[in-house]
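Asker: Take this structure, written in structure tokens, and hold onto it; I'll ask about it next.
The values are calculated or read from the model by the stated rules, or taken from the named source; none is laboratory data. All of these numbers come straight from a predicted model, not from anything done at the bench. Glycine gets a Cβ as well: all are built from the backbone with ideal geometry, and neighbour counts include every protein chain shown. These accessible areas exclude ligands, DNA and RNA; they are computed on the full protein's heavy atoms, side chains included. Shrake-Rupley method; radii C 1.70, N 1.55, O 1.52, S 1.80 Å.
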Amino acid sequence: MKKVLKRGIGRGLTNYGDPDFSRYIRRAFAKSMGYSDGELDRPIIGIANSGSGFNSCHQNFDDLTEALKRGILSGGGIPIEFPTISLGEIFTSPTTMMFRNLMAMDTEEMIRAQPMDGVVLLGGCDKTVPAQLMGAISVDIPTICLVAGPMMTGTYQGERLGACTDCRQYWIKYRADEVDSNQIETINDQLCATTGTCMVMGTASTMAALAEALGLMLPGGASIPAVMADRRRQAEATGRTLLDLVAADLTPSRILDRRSFENAITVLMAIGGSTNAVIHLTAIAKRAGIQLTLNDFDHHSKITPVLVDVKPNGQNYMEDLWRSGGIPIVMKEIEDLLQTDVMTVTGSTVGQNLARVETPSSWQKVIRPRQSPLVSDGGLVPVFGNLAPDGAIIKKSAASPHLLHHRGPAIVFDSVEDLYHRLDDSDLPVTQDHVLVLRNVGPIGGPGMPEVGNLSIPKKLLQQGIRDMVRISDARMSGTAFGTIVLHVAPESAIGGPLALVEDGDLVELDVVNRKLDLHLPEQVLAQRRENLILPSPHFQRGYGKLFQDHVEQADQGCDFDFLSVSVQLPDEEDRSSVRLGSGE
Ligand code: FES
């Protein structure tokens, strides 16, 4: 009888009531795939492949998988690829956010159910990276992230173009009649010039950067463009490194602690990252048994300058950030704000990794030096008040300075459909001083908290040259969007949050410096409205939608399912510091 293996093919046996028989027939079926006994003794590395014909951002996954497999084989392992749900942002209805937790469950359960000693998470598009991290952290086997990498830019009349900040900028110009229908079609050809993820500091780029900051990706891996040979070499190195992790049993729970997440928040602020990252990072941390609050984000926001001059905050693109040295150079520039003694997948600490970083000769155009930041502090800022008792978030670095303290009358839209039908109505009594309020677009109300929080400016104001107004909702917005936009209001209106009580003409005050968002109405008026409030009917009676509706948490809690954010047991400091990898010493 073949010796019993507790790893690789011998892990997690199918239950036939006789473990020896389970091992015996598993080997027989593995041989049907051409594996010989000797090969099956090696560690098995799963590749969680989220490629799909419905995901334009992941079209380079065949190339990356080939390079990953080369690295895994050269490291002494057996690569086995398996599919998971893919979430292509632009091809998923009503919104990918509704399925992030489904993908996290799929990833978690397929890693746990299938015999693998380590796993590469191959993702990229917005929700895929957080979903994969949530799932893999919950399983806790050695794990490394590899992302698709950003697209390269296109050009239109000598100007560089990229998805999707420029998609939005040109759509605004089209709505304002500054660009005609022929021009907008020509531009459409150039917005997504190659495969890869959106090439600005949107959610995909942000989450890749945070995976790197958490220590779960090889240094430099976040910003390499999808089409560059460096991206494939990164894949090869990822595969090889994972074998070292398996040998050292360096699992996510032995890498991540509260300091890792504080580093990630600091990097989030320094890159001027997506508001979506606040939700995702909170959910990922909870899977690691760590509770983040909006006050944690506020603390780091106050002390961290925005350094990365990439759209939508700045003028450049991800390929420029890569040429400037990428996230390692950003982290080096804020090294004093990071906790450098935390472990990473290299087997070295953050500080040891940074000591090895070579600084390119001219990086300062895209990554600003500390003494001349893009914004001195406060990339993402939470606000609280009687309109958002559990908080809301605003991307201050992409907002208009003159609107950061604004008081104005509300114009309320009850749904996306209501907004679509009335926003451009010439009779809508709207001025630039109004505050646009959109409700019933939160996690439950949306459903799925769609990226509709960056409400369009009414056409008649666009034609007057108005480009920004205060907008408030319980929705999210794309990380590529910009404007004075308050998002993630919690609790959401569909469950009776105060946004549900606002009426046209009510005075709303946003005061970003003092972190306030208030509705100026006496408490007895609010109480009266609360009593008369009729909540919208539930969207779902069955299936995944019903599960989502019944169990999704609010934005400030990360929008995970209430039954999933159960922590793994983290080892103590001494145990974590005893980890040593061959490649990292
Ligand atoms: Fe996939 Fe933007 S649509 S990253």
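Asker: Can you tell me, using C-alpha contacts under 8 Å and at least 6 residues apart, the relative contact order of the range 75-234 as a whole percent?
Answerer: RCO, the range 75-234: 22 percent.
Asker: At most 15 other Cβ atoms within 10 Å and a DSSP loop assignment: could you name the GluC sites (Glu not before Pro) in the range 75-175 that fit?
Answerer: Details: sites: GLU81, GLU89, GLU108, GLU109, GLU159; in loops: none.
Answer by residue number: there is no such site.
Asker: If you take every DSSP beta bridge fully contained in the range 109-193, what fraction is antiparallel? Give it as a percent rounded to 5. Display every interim value, and only then the final one.
Answerer: Numbers: 3 of 8 bridges.
For the range 109-193, the DSSP antiparallel bridge percentage is about 40.
Asker: About the Cα centre of the range 483-560, how large is the charge dipole given +1 on each Lys and Arg Cβ and -1 on each Asp and Glu Cβ? Please answer in debye to the nearest 20. Spell out each step's value before the answer.
Answerer: On the way: 6 positive and 13 negative charges, 57 e Å.
Here the range 483-560 has a charge dipole of around 280 debye.
Asker: Restricting to the range 62-210, what percent of DSSP beta bridges are antiparallel, rounded to 5?
Answerer: Working: 3 of 9 bridges.
In the range 62-210, approximately 35 percent of DSSP beta bridges are antiparallel ones.
Asker: Another question about this same structure. With each label point set 7 Å from Cα along the Cα-Cβ vector, what nm distance links HIS405 and GLU159?
Answerer: So the two model labels end up 3.4 nm from each other.
Asker: Return the FRET efficiency for the residue pair ASP63, ALA355: r is the Cβ-Cβ distance, R0 is 25 Å, and the value is rounded to the nearest 0.05.
Answerer: Working: r = 32 Å, r/R0 = 1.26.
In this case the efficiency is close to 0.20.
Asker: Given a 1.4 angstrom probe, I'd like the percentage of the accessible area of the range 256-396 that is carbon and sulfur, rounded to a whole number. Don't jump to the answer; show the numbers that get you there.
Answerer: Numbers: 1960 of 4170 Å².
Carbon with sulfur: 47 percent of the solvent-accessible area.
Asker: Please compare each pair in LYS286/LYS332; LYS69/LYS332; LYS302/LYS516 to a cut-off of 20 Å on the Cα-Cα distance and tell me which ones are over it.
Answerer: On the way: LYS286/LYS332 27 Å; LYS69/LYS332 31 Å; LYS302/LYS516 15 Å.
In this structure, LYS286/LYS332; LYS69/LYS332 exceed 20 Å between Cα atoms.
Asker: Considering the dipole of the chain built from charges on the beta carbon (Lys and Arg +1, Asp and Glu -1) around the Cα centre, which of THR84, ALA270, ILE411 is farthest to its positive end?
Answerer: THR84
Asker: Rounded to whole Å, give me the distance from the Cα center of the range 102-124 to that of the range 166-227.
Answerer: 27
Asker: Between GLN315 and ARG7, what length in nm is gained on full extension when 0.36 nm per residue of separation is reduced by their alpha carbon distance? Please list the in-between numbers first.
Answerer: Numbers: separation 308, 0.36 × 308 = 110.88 nm, distance 4.94 nm.
The GLN315-ARG7 span can extend by a further 105.9 nm.
Asker: Still on this structure: With θ set to phi - 60° and the Karplus curve 6.51 cos²θ - 1.76 cosθ + 1.60, what are the ³J(HN,Hα) couplings of the range 497-507 in order, to the nearest whole Hz, using x for Gly and Pro?
Answerer: x, x, 4, 5, 8, 6, 10, 3, x, 4, 7
Asker: 5 Å is the cut-off here: which amide hydrogens, built 1.01 Å from N in the peptide plane, fall below it relative to GLY391, excluding neighbours closer than 5 in sequence?
Answerer: GLY385, ALA490
Asker: Turning to a different aspect of this structure: Based on the mean of other beta carbon atoms within 10 Å per residue, what is the order of 457-465, 303-311, most packed first? Let's see the in-between values first.
Answerer: Numbers: 457-465: 16.9, 303-311: 24.3.
Result, highest mean first: 303-311, 457-465.
Asker: Can you give the FRET efficiency to the nearest 0.05 for SER372 and ASP18, using r as the Cβ-Cβ distance and R₀ = 56 Å? The partial results should precede the final answer.
Answerer: Values: r = 69 Å, r/R0 = 1.24.
After rounding to 0.05, the efficiency reads 0.20.
Asker: Per the chain: cysteines with no other Cys C-beta under 4.7 angstrom?
Answerer: Those would be CYS145, CYS192, CYS198, CYS559, since no other cysteine Cβ in the chain comes under 4.7 Å of theirs.
Asker: Within the range 32-87, report the chymotrypsin sites (Phe, Trp or Tyr not before Pro) that DSSP leaves as loop and that have at most 15 other Cβ atoms within 10 Å.
Answerer: Filter output for the range 32-87: PHE54.
Asker: Where both residues lie in the chain, what percent of DSSP beta bridges are antiparallel, nearest 5?
Answerer: The antiparallel proportion sits near 45 percent.
Asker: Residue-wise, which Karplus ³J(HN,Hα) couplings in Hz belong to the range 547-558, taking 6.51 cos²θ - 1.76 cosθ + 1.60, θ = phi - 60°, and x for glycine or proline?
Answerer: With coefficients 6.51, -1.76 and 1.60, one gets 4, 4, 4, 7, 10, 5, 8, 6, 4, 5, 9, x Hz.
Asker: Something else now. Apply the Karplus parameterisation 6.51 cos²θ - 1.76 cosθ + 1.60, with θ equal to phi minus 60°, to every residue of the range 402-413 and state each ³J(HN,Hα) to the nearest whole Hz, in sequence, with x for glycine and proline.
Answerer: Values, residue by residue: 6, 9, 5, 10, 9, 10, x, x, 7, 10, 9, 10 Hz.
Asker: Counting only the backbone N, which residues of the range 111-151 are under 18 Å from the spot 7 Å out from the Cα of SER32 toward its beta-carbon?
Answerer: From the range 111-151, the list is 114-115.
Asker: Using a Förster radius of 30 Å, what is the FRET efficiency between ASN188 and TYR420 based on their Cβ-Cβ separation? Nearest 0.05, please.
Answerer: On the way: r = 21 Å, r/R0 = 0.70.
Plugging the Cβ-Cβ distance into 1/(1 + (r/R0)^6) gives 0.90.
Asker: Kindly provide the chymotrypsin sites (Phe, Trp or Tyr not before Pro) of the range 283-347 that DSSP labels as loop, not H, G, I, E or B, and whose Cβ sees at most 13 other Cβ atoms within 10 Å.
Answerer: Numbers: sites: PHE297, TYR317, TRP322; in loops: TYR317.
Hits after loop and neighbour filter: nothing returned.
Asker: By a straight-distance test (C-alpha under 26 Å), which lysines pair with LYS459 as possible cross-link partners, with residues fewer than eight away in the same chain excluded?
Answerer: LYS173, LYS311, LYS395, LYS396
Asker: Just tell me which aspartates and glutamates come within less than 18 Å, Cα to Cα, of LYS546; anything on the same chain fewer than 8 places away is out.
Answerer: ASP106, GLU492, ASP560, ASP562
Asker: Given Cα pairs under 8 Å that are at least 6 residues apart, what percent is the relative contact order of the chain? Present the calculation step by step, with values, prior to reporting the outcome.
Answerer: Values: 1350 pairs, mean separation 82.2, N = 585.
So the answer I get is 14 percent.
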